[in-house]
Every structure is written in C-alpha cells, then in structure tokens.
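**Student:** Would you mind keeping the following structure in view while I ask a few things?
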Amino acid sequence: MTAQQLLTGNAAAAWGARLADADYIPAFPITPQTEIIELLAQWSAHGEVPARFVTLDSEHSMLTAAGAAAAAGARVFTATSSQGLLYGCEVLYTIAGWRVPLVLVNVSRALASPITLEADHNDILAARDTGFLQIHAETCQEIVDSILMGYRLAEDEQVMVPVLVNLDGFTLSFTREPVTLPSPAAVAEFLPAYHPRHAYIRGDKPMAQGTAVLGGAPYSYFRYQQQRAQDNALTIHQTIAEEFALRFGRRYDLVESFQLDDADYVLVMSNAFASKGKAMVQWWRTQGRKVGLLRLRVVRPFPGAAIAAALVGRKAVAVFDQNIAPGSGGILYPEIAAALYHEPRRPPLLSVIGGLGGKDISAGEFEAVFQHLERIASGTTVIGPLLLYTQQERDRVRTLLQIAGKELSA
Amino acid sequence: MLRIRFHGRGGQGMKTASRILGSAGFHAGWIVQDSPVYGAERRGAPMSAFTRLAREPIRERGVIASPDLVVIADETLLADLAAQPLLGCDTRSTVLMNTRKQSAELSPLGAVSREAIFAADFTALALETTQSLASLSVALGVAAARLLGLSLSEALAGVTDELSPHLSAERQAKNVALAQVAYARAEGWPIIQERQTTDSPTLVTLVEVAFDPPTVAAPSIYAISNSPERKTGNWRQFRPVLHAELCTRCWICFVRCPEAAIALDAHDYPVVDYDQCKGCLLCVHECPTHAFTAEQEVR
C-alpha cells in the first residue's frame, strides 16, 4: 500500500493525468485551474512526464486541439474552469460527437457577472448537455481516482465518449488533504494503453471525422447513438467501480449513500460541500435525528434509477443546488423530481439553493433547512426554491451597496 | 479537531505558514486539511488560510468560523474590516500575534482571555536569522506547531517539506535555524488542547431575498473616485524614504509609481503619500541615483 501524502485538488488532478500516462496535454491558464497545467508543464519540462505539452491561445483552440489529438488516437488530458469552459463549450459538443475518449478536468468557479473566483456549479452544469460524461468529486483522493476511472469509462468500446471530471475551486483546488497515489504499475494494469479502433487519423490512414449530414435522419441516428452510449455508461461504470475497488480498495458508485439506511430525512448534495452536509448528518445523528445524505457523483449519465431507489419512502428530501438557473431555480432539482415522478412512494421535495460563488453554507443554515424539511414532512405544501441568505449576510451586502453609492430603501 | 486560522497580508507567507503547520501535523500522525483563501493576487492585501488537524476524517471545508488558534502576522489587520481576524473567537480561543508589543500591551482582543494571547516580534527574528521577511511563514508556522504540542523535529519536517522544493540549500539552512529559534521562543507557552465537545450550531435567521430595482441590483458602482478612502498605507512592510540631497528631480519615481502615490512638491521633488503607498518599492528600485531607501515599518 502506497503511503498517503498531502496534495491539493489541483495537484491530485495533475497526478491523475500523469498516472494515466496521457500522450498529449494542450493547455491554457485560468484561475483556479492554472496550477494543474503548471505542474504538468514542469513535469513535462523535466522529462518526468513523456506527454507532449502544448500551450494554446484560448480554451476554444485548446479543446479543438484536444479533440483533434484524441481523433488521431492519442490519450489526451486537459483542464479548464468557469469562463474558459464556456468559451470552449461549442467545441465540447463537437468533439463529444466525434466520440473521442479524452478526459477534461473542470475546476468549478462561479460565472460572471459579477465576476468572482470561488466555486459554484453553473459552469460545469452549462456543459450538462454537451454529450460529455460528468463525474463530480468530493475529495482530493476522488479526483485522482475519478480521472483514472474516467479514462477507463471513456475508452470502453461500449461507451467511447469524453469525460468531464469536476472539482470545486478553492474548497478542493487549493485545499490539501491526505491522498494515496496508486503505483504507476498498478494503474497500468487497471488502465492499459489505449488502442483506438474508430478514431486513428494518420498520414497513411486518412479518414473524415465529424462529417456533415443533412435531412435529419442521419443526424438523429448519430445523436441517438450518443444517448445509447451514455445509457451503457451507467452499467459499465459499475463494472469499472467494482474492479477499481478490488485493485485499490476505494469504492465509488454512481451515487454515494451516507447514513441512509434508516434515514427519515435526506440531503441531496454534490461536490466538496457534500462533506459539510455529511458533517451535519453526523451532528444530527448525535442528537437522535435520523438524517442521511445522498451524494450525486456521476451526473451524466444521470443515474435516475439509483437516485429514486435511494429516496423513495423518505419523510422529506432537500435537494441542494449550488447553482441557479434564473427563471427556474436549481438545475438538478427538476432532474431529481423527474426521477421520482413515477414512484408511488415519492417523498416531498424541498429545493434549496446555496453556496453560490463559494458562499459558505453554515451549520445554522443546515439547521434552517432541516426545520423546513420537518414542515414539508408534516404536510405543508411546496416551499421554494429556498434561497440560502442570512440576515448577517444581507446586512454586510447592504453595507457594500452603500459604499458603492446605491440608494437603499429602509 | 484543532482549528487554526492564519491572517496575514499577501507576501507575508501565511499560506506557507498554514502548510508548514499542516505538514508538521501530518508528520505527527494527524489527519490534516489546509487551504488558503484570497482574492485577486495582491501583495499587501489581507488574506487568510486555514489548517485543521484531526484524528478522524475531516468533513469540514473552507472557512474556519470558530478557531482554536488565530495566528496574526500583522497587527494592522486588527482594525481592517476586510480581515476581521478575531471573528468567531471565544473564551477558548488562543491568539498568536506577531508584534513588537508585549502581550500585556495589546488592548483586549475580543472575547479572547488575556492569558491566551501570545505575542512576539517574529519579524525581527526572521530578519536577524534569514534577512528575509518571507521567512515569517517559517517563524509563525513553527511557533503555531509548538502551541499545538508538535515536537521540534515534526515542525522542522514541516518546514523542510514546504521549502525544499523552492529554496537553495543555503536559504533552507537559514530557515531551519530560524525555525529552531522560533520554536524555542514559543516554548513555555501552554499547549492548546482539543475541545472535548462539539458546539451546537448557531441558529441563523434566513431572510427573504426581495426584488430590488436595477439601480441597486446591478453590480455597478456609482460612488466614483472613492478609492483614496481605502487607505492602503498599512499594506507596507517597508516604506520608501526620499533623501532629497541625492534627488535629481528626474521624475522617474513619479511616473512609475503604480498607485499614483507620488506627487511633486512646489520645487518638483517627489512627495510620497504614505496613506496610499502600498510599499511596492518600485521607486526604490527605479531611482537612478538611489535617492530612495527602504525603511522597515515600525508598528
């Protein structure tokens, strides 16, 4: 067993690429992701990583290069964040359509405007429908492991679509915690060299990729195939998860159940703030309150059946969205509601929006959410979306608005 | 769990201090989490960093609201609304302060008891031993390690982990020497114990978010030209001091000052606005006749 070491989320992501023995790494900097490509650049310059490291002029070019290299049969790694992911978003759809199996890491950072640096998930969820698979990590360990599992999943002939691995800016990217790095030899056994069977452009093997189709039916065929590939990924992921657990002793399912067995009340959370939810669950348990947590890990494909199985029969469920779709509410809430719609024993749902721009979700706010859960369990009709915002925060923001010269009503 | 919050200004090394403490704790067998938080990278601007040491996996993330130990690298942060280093401190919190004052001279620090305030001039220790203010990270990281009951060898292992990838052997040796001095300085201070009970969550009042007109709700700033009200003079660690007898009135400092904190007097000599000067020392480096010197701030 390899010893643990302290690694930031960004370092863990770079190690994921290194252990996966990526062939090609196109790069463009953006806070809070830049450390990933800095570390890979350093390793590449010192010959510690054999990959070809190339800096591009934008995320759009970077992702185009990534897709093109993957179409030539290379194992490709790259990383971005926030505005960068959005700038490259057009290319995400394009290369997912090429069915090339690269891994892209996104370090979540809230979107402008106003501009900020800390995390929420409007960036990664803007890429929700691109055709990429999405794995959302809670810990630095899970980042390394998800990149390795991500390549296995992406390169499986039953799947063959690119993967986005998400980690939160600051709360993971700059946070060190103990990580066990698997040995390169063990990783090589788990993740053998990639031998492309459908995408292998070479001078002596010419082909056309991503060709134009007109008339609708051919287009529909190729789009439906992306849907079927994602369907397959649900099953293939579990096979890979079992093998990963056997080899490395860490088990990652599509969703994670925390203290769910006898839970009356459930919090649904994702990414690094799920840790905070788990800490609250542990506290509530010491107080005799039966609360559990369901963590969304694989978000695309959406594991609706696993989610429904975990949530049916509960007294009440709070779905935390660390994102906001103005005009609708939380982005994940309707997906979870849809997963439960056909279940006769579906629980009452509370939509909660919190943690935008890295705003803390304090223990007091979790308590307030719990009080709402008790209310809806006893028959109160729908509340929400509940926008987490405390009196103290409102007062602080009012001070800032006054400094900015805004005329505030009393 | 032990929760340690570091407060400093960009450039004072408090991110590194939090990592030195984290690595030292890791060598001592603790489960560790450390993380910094800062905005756009600016030397002199307030920043903070967090280290957690625990025996069980750590599920807390981000800011530490109720610290066991607060390490303050710069006394001027006490009055800074953007820093508020004493926020969340209670009667069980300990403060480690870098200051030229004695702990008895420090005015009451929030709810922190007088017996739990430990003060020393770590800046002077750093300058004497390594001739570098950046070494404040080592001095405070190691002193914090001692306050938490870590051994000298564990503290030194933390220093080596953090500095060896970045520093020459000579600089490393100086920093190890500083670590030994700083550790010795903290010996005799009582060791902070883990809290035995978990606090109940402080209840908060959630408020409705009502519609505001765009004159309020758009992220625009109407109060223009108010940046001089944000006095940045206390960002300085060194102040530029003009020696007029060497000045040729070439105005290079006046032109180059990135903060426009240098004006010209009636005789065209530069005058530094010390309320605004952040101490970047560009004037000291640019002056062709070396008419500016850098003097350490006395606070």
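The values are calculated or read from the model by the stated rules, or taken from the named source; none is laboratory data. Everything numeric here is computed off the predicted structure, so don't read it as measured data. Positions of Cβ are backbone-derived with ideal geometry, glycine not excepted, and every protein chain shown enters the neighbour counts.
**Student:** The conditions are (1) in contact with an Asp or Glu (Cβ under 9 Å, 6 or more places away or on another chain); (2) within 22 Å of A:GLN5 (Cβ to Cβ), and B:GLU56 fails exactly one of them. Which is it?
**Tutor:** (1)
**Student:** Could you please let me know if A:GLU343 is facing another protein chain (nearest Cβ under 8 Å), surrounded by fewer than 20 Cβ atoms within 10 Å (Cβ to Cβ) and modelled with pLDDT of 95 or more?
**Tutor:** no
**Student:** Name every residue in region A:223-257 that is of a type in the set (Gly, Ala, Ser), over 23 Å from A:VAL268 (Cβ atoms) and buried (at least 17 other Cβ atoms within 10 Å of the Cβ), in order of residue number.
**Tutor:** A:ALA229
**Student:** While we're on this one: Conditions first: (1) more than 14 Å from chain B (Cβ to nearest Cβ); (2) buried (at least 22 other Cβ atoms within 10 Å of the Cβ). A:VAL179 passes all but one, so which condition is the exception?
**Tutor:** A:VAL179 satisfies all of (1) more than 14 Å from chain B (Cβ to nearest Cβ); (2) buried (at least 22 other Cβ atoms within 10 Å of the Cβ) except (1).
**Student:** May I ask you to list pairs of residues, at least six apart or on different chains, whose Cβ atoms are under 6 Å apart, with the first in region B:136-150 being in contact (Cβ under 8 Å) with a residue 60 or more places away in the chain and the second being hydroxyl-bearing (Ser, Thr, Tyr)?
**Tutor:** Note: pairs meeting the criteria are B:SER137/B:THR16; B:VAL142/B:TYR183.
**Student:** Further question on the same structure: Which count do you get for residues in region A:366-410 that are under 30 Å from B:ILE64 (Cβ atoms) and in contact with a Pro (Cβ under 9 Å, 6 or more places away or on another chain)?
**Tutor:** So the count comes out to 4.
**Student:** Tell me, which residue of region B:104-125 that is surrounded by fewer than 19 Cβ atoms within 10 Å (Cβ to Cβ) and of a type in the set (Ser, Thr, Tyr) is farthest from B:ILE192 (Cα to Cα)?
**Tutor:** So the residue we want is B:SER107.
**Student:** Restricting to helices (runs of 4 or more DSSP H) lying wholly in region A:212-316: which have 2 or more residues that are assigned by TED's automatic domain parsing to the domain that holds A:GLY330 and among the β-branched types (Val, Ile, Thr)?
**Tutor:** Output list reads A:273-286.
**Student:** Okay, moving on. Within region A:193-213, can you find the residues that are of a type outside the set (D, E, K, R) and surrounded by fewer than 11 Cβ atoms within 10 Å (Cβ to Cβ)?
**Tutor:** A:ALA193, A:HIS195, A:GLY203, A:PRO206, A:ALA208, A:THR211, A:ALA212
**Student:** Moving to a separate point now. Please work out which one of (1) within 14 Å of chain A (Cβ to nearest Cβ); (2) among the hydrophobic types (A, V, I, L, M, F, W, C); (3) surrounded by 12 or more Cβ atoms within 10 Å (Cβ to Cβ) is the condition B:LEU282 fails and give its number.
**Tutor:** With respect to (1) within 14 Å of chain A (Cβ to nearest Cβ); (2) among the hydrophobic types (A, V, I, L, M, F, W, C); (3) surrounded by 12 or more Cβ atoms within 10 Å (Cβ to Cβ), B:LEU282 is out only on (1).
**Student:** Let me ask something else. Output the residue which, of all residues in region B:74-102 that are surrounded by fewer than 17 Cβ atoms within 10 Å (Cβ to Cβ) and small (Gly, Ala, Ser), is nearest to B:ARG9 (Cα to Cα).
**Tutor:** B:ALA82
**Student:** May I pose another question? With the condition kept exactly as written, say whether any residue in region A:55-64 is touching a residue at least 40 places away in the same chain (Cβ under 8 Å) and either among the hydrophobic types (A, V, I, L, M, F, W, C) or buried (at least 24 other Cβ atoms within 10 Å of the Cβ) (or both).
**Tutor:** The answer is yes; a qualifying residue exists.
**Student:** Among the listed residues A:THR381, A:THR399, which satisfies the condition of being over 20 Å from the mean Cα position of the chain (by Cα) and part of a helix (DSSP H, G or I)?
**Tutor:** A:THR399
**Student:** Which residue pairs have Cβ atoms under 8 Å apart, sit 6 or more places apart or on different chains, and have a first residue in region A:102-124 that is within 14 Å of chain B (Cβ to nearest Cβ) and without any contact (Cβ under 8 Å) to a residue 40 or more places away in the chain and a second that is of a type in the set (D, E, K, R) and not in a loop (DSSP other than H, G, I, E, B)?
**Tutor:** A:LEU111/A:ASP123
**Student:** Among the strands (runs of 3 or more DSSP E) lying completely within region B:22-93, list those that include at least 1 residues that are under 21 Å from B:VAL142 (Cβ atoms), modelled with pLDDT under 95 and within 13 Å of chain A (Cβ to nearest Cβ).
**Tutor:** Per the criteria, B:31-37, B:46-54.
**Student:** Here's something else I'd like to know. Counting only residues that are more than 10 Å from chain A (Cβ to nearest Cβ) and among the hydroxyl-bearing types (Ser, Thr, Tyr), which one in region B:179-220 is nearest to B:GLY149 (Cα to Cα)?
**Tutor:** If we take residues in region B:179-220 being more than 10 Å from chain A (Cβ to nearest Cβ) and among the hydroxyl-bearing types (Ser, Thr, Tyr), then B:TYR183 is nearest to B:GLY149 (Cα to Cα).
**Student:** State whether one or more residues within region B:211-221 are surrounded by 19 or more Cβ atoms within 10 Å (Cβ to Cβ) and either in contact with a helix residue (DSSP H, G or I) (Cβ under 7 Å, 6 or more places away or on another chain) or touching a residue at least 40 places away in the same chain (Cβ under 8 Å) (or both).
**Tutor:** No, region B:211-221 contains no residue that is surrounded by 19 or more Cβ atoms within 10 Å (Cβ to Cβ) and either in contact with a helix residue (DSSP H, G or I) (Cβ under 7 Å, 6 or more places away or on another chain) or touching a residue at least 40 places away in the same chain (Cβ under 8 Å) (or both).
**Student:** Continuing with this model, one more query. Give B:VAL284, B:VAL255 a once-over and let me know the one that is in contact (Cβ under 8 Å) with a residue 12 or more places away in the chain and within 33 Å of the chain's Cα centre (by Cα).
**Tutor:** B:VAL284
**Student:** Still on this structure: Where residues in region A:233-292 are aliphatic (A, V, I, L, M) and within 14 Å of chain B (Cβ to nearest Cβ), which of them is farthest from the chain's Cα centre (by Cα)?
**Tutor:** A:VAL291
**Student:** Continuing with the same structure: Being in contact (Cβ under 8 Å) with a residue 12 or more places away in the chain, surrounded by fewer than 18 Cβ atoms within 10 Å (Cβ to Cβ) and either closer than 25 Å to B:SER151 by Cα or not hydrophobic (A, V, I, L, M, F, W, C) (or both) is true for just one of B:ARG55, B:ARG9, B:ARG19, B:ARG3. Which residue is that?
**Tutor:** Criteria check complete, one pass: B:ARG55.
**Student:** Within region A:376-410, can you find the residues that are out of contact with any Ser or Thr (no Cβ under 7 Å at 6 or more places or on another chain), surrounded by 14 or more Cβ atoms within 10 Å (Cβ to Cβ) and more than 7 Å from every other protein chain (Cβ to nearest Cβ)?
**Tutor:** Hits for region A:376-410 are A:ILE376, A:ALA377, A:ILE383, A:GLU393.
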